[in-house]
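Report on the following structure.
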Amino acid sequence: MVDTVNKETRSRMMSSVRAKDTKLELEIRRRLFAMGFRYRLHVKSLPGTPDMVFAKYQSVVFVHGCFWHYHGCHLSSIPETRRAWWKKKLEDNARRDSQAVSELRRIGWHVLIIWECGFRKPKTKRAEALDGIAARAAGFLKSKRKQLEIPLLPRSGTTNKPGKGSTHGKKKR
Ligand SMILES: [Zn+2]
């Protein structure tokens, strides 16, 4: 592996990931709005500053970039350079996220987390993937479910993630 190339690629990748996060959020928002849902944005008075707040449905939605929020999927690897520093930073982010979710649940909010990797399916067109996720988000809002992640990762491979596992039951057969 060539370190300098990796570093450049990595920083380019990370800044583009950040920009895309915002764009993904916007595209989901647009679709939910078109379906008739109304929401408030980036509500700072709630734990974790949820991206969207649907008061009528007592629900909040986060749209998370997999790298920054340390999803544990293929998009969330720890950079090779300054690995220990990154590991701590990303684990702290994930810990803060799961604390926010616990706090939101404690005060009665339903929580939906939409992950970036759900949009990036190799054999699905972007618009189709977005439509699918918006439809699932709408389904969640209208349901009585208290918590959901899209996509839901298999439990294996995320064992060293802080806070994970506490919100889910035993492995399904
Ligand atoms: Zn992911």
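All of the numbers you see were taken from the coordinates with simple rules; none came from a lab. The model shown is predicted, which means the values in this text are computed figures rather than measured ones. Don't worry about glycine lacking a Cβ; one is built from the backbone with ideal geometry, like all the others, and counts go over all protein chains shown.
Between Ser102 and Thr49, the contour length at 0.36 nm per residue exceeds the Cα-Cα span by 17.7 nm.
Per-residue extension of 0.36 nm, minus the Cα-Cα distance of Thr124 and Gln147, leaves a gain of 5.7 nm for this segment. Maximal additional length on extending the His74-Leu41 stretch stands at 9.0 nm, based on 0.36 nm per residue less the C-alpha distance. Pairs spanning more than 28 Å between alpha-carbon atoms, out of Lys23/Lys89; Lys87/Lys144; Lys23/Lys44: Lys87/Lys144. Each peptide in 112-123, 76-87 was scored by the mean count of other Cβ atoms within 10 Å over its residues; highest first, the order is 112-123, 76-87.
Overall form of region 3-150: oblate. Here a/c, set by the Cα gyration tensor axes a ≥ b ≥ c, is 1.5 or more, and a/b is not larger than b/c.
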